[in-house]
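Right, one structure below, let's go through it.
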Amino acid sequence: MASQDWLEKDFYKILGVSQDASDAEIKKAYRKLARQYHPDKNPGDTAAEQKFKDIGEAHSVLGDKDKRAEYDNIRAMVGGGARFTAGGPGAGAGAAGFEDLFGSMFGGGGAGGFSSGGGQSINLDDILGQFGAQAGRGGGFPGGGYGAPAKGRDVRARITLSFRQAVEGDTVTLTTGDGSTVKTRIPAGVKDGQTIRLAGKGSPGPGGNGDLLLEVSVAPHPVFGREGNDLTVDLPVTFAEAVLGATVSVPTLDGSTVKVKIPPGTQAGRVLRVKGRGVPAKSGTGNLLAKVQIVVPTDLSDEDKETLARIAEQRGGDPRADLIRKAAQ
């Protein structure tokens, strides 16, 4: 829409609503007026046809959150949406000229148009565009300023990734709501439930594409889990390995294995750390945490059972005695 239209047209008045009207009130007013002035109900009525177009134009701005905010800011800057015309012969006595609004800023206006003190012609779009440029630096209008064309809408989508894709990153192809496809790179280390913003992958617009907001779901892995940037794995250890100590192989996510030393007397639940084999991150790659799970044999021979019984008798003591004592405190 041309910038002058935003100054000349009172969209709230066209829809018959107040400036603080809710989105629902704006929508309701638009539907009522659209039915009233629809060309099918007013055949041959050019006035009704124009009214129908004005209503649609008003709703296209006020019905869009970002456009409405920008429109309100512009109206507030120029005094609530009064009509502005260039000065000079033929201008109405009640019309506010550009000279009246910006004269003190640029040294006054000349007849027949608005100009700076040196006679250089000044365009209203250029003036408002400067305000828009200031907005992009932290103040003024939202969305990059008045003079900038609007970007396309942001688009939301969901994707389910395998555990490996989420940890290592991957290039995926997405299908949008209109049936088109978008190929994009998923960064390494995304988490389940995370929303990632893919710049320029949204709907097209005169000021460029919007962004794609992608909500990620990560499928569980049969072996590995995740705690922050650390990967976790339950490591089965035999009774003998836990008692006597051993060096065992631990799987990693890339399919290889690493050797880990089991200290003698290792208890169930102990966590062994493999440095740098976790999730890649800007702060550094996480670790692989192997949690010891002691595998109790279930196929002992009578001789094995007798041996264990002798060991238990020689060791004596009740491993639960301290637990029971503390519980009674």
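Just to check, using Stokes-Einstein with a Kirkwood Rh over alpha carbon pairs, what's the diffusion coefficient of the stretch 155-218 at 4 °C and 1.567 mPa s in µm²/s?
108
Rank by packing, highest mean first: peptides 211-219, 55-63, with packing defined as the count of other Cβ atoms within 10 Å averaged across residues.
Peptide ranking by packing, descending: 55-63, 211-219.
When only alpha-carbon atoms count, how far does the stretch 219-307 stretch along each of its three principal axes, as whole angstroms with the largest first?
So the three principal-axis extents are 56, 27, 21 Å.
Can you list the residues, at least 5 places off or on another chain, whose amide H is less than 5 Å from the amide H of residue 237, using H built in the peptide plane?
293, 294, 295
By how many nm would the segment from residue 162 to residue 219 grow when fully extended, if each residue of separation counts as 0.36 nm and the alpha-carbon distance is taken off?
Separation in residues times 0.36 nm, less the Cα-Cα distance, equals 20.0 nm.
Once fully extended, how much extra length lies between residue 311 and residue 76, figured as 0.36 nm per residue of separation less the alpha-carbon to alpha-carbon distance?
75.7 nm
Which percent, to the nearest 5, of DSSP beta bridges fully inside the stretch 155-218 are antiparallel?
60
What list do you get for 11, 52, 224 if you sort them by fewest beta carbons within 10 Å?
Ascending number of Cβ neighbours within 10 Å: 224, 52, 11.
Would you kindly state how much longer the chain becomes between residue 324 and residue 301 on full extension, computed as 0.36 nm times their sequence separation minus their alpha carbon distance, in nm to one decimal?
5.0 nm
Using the 10 angstrom Cβ neighbour count as an exposure proxy, how do 311, 186 rank, fewest first?
311, 186
Cross-link partners among lysines for residue 67, C-alpha distance below 24 Å, same-chain residues fewer than 8 apart left out?
Correct list for residue 67: 9, 13, 27, 28, 32, 51, 53, 151, 201.
If we count other beta carbons within 10 Å of each Cβ, what is the order of 323, 33, fewest first?
323, 33
Sequence-distant or interchain residues sharing an amide H contact under 5 Å with residue 262, placed H: which?
Hits under the 5 Å cutoff: 246, 247, 248.
Read the figures in this text as sums done on the coordinates, not as results from a lab. These numbers come from a predicted model, not from an experiment. Here Cβ is always computed from backbone atoms with ideal geometry, including for glycine, and neighbour counts include all displayed protein chains.
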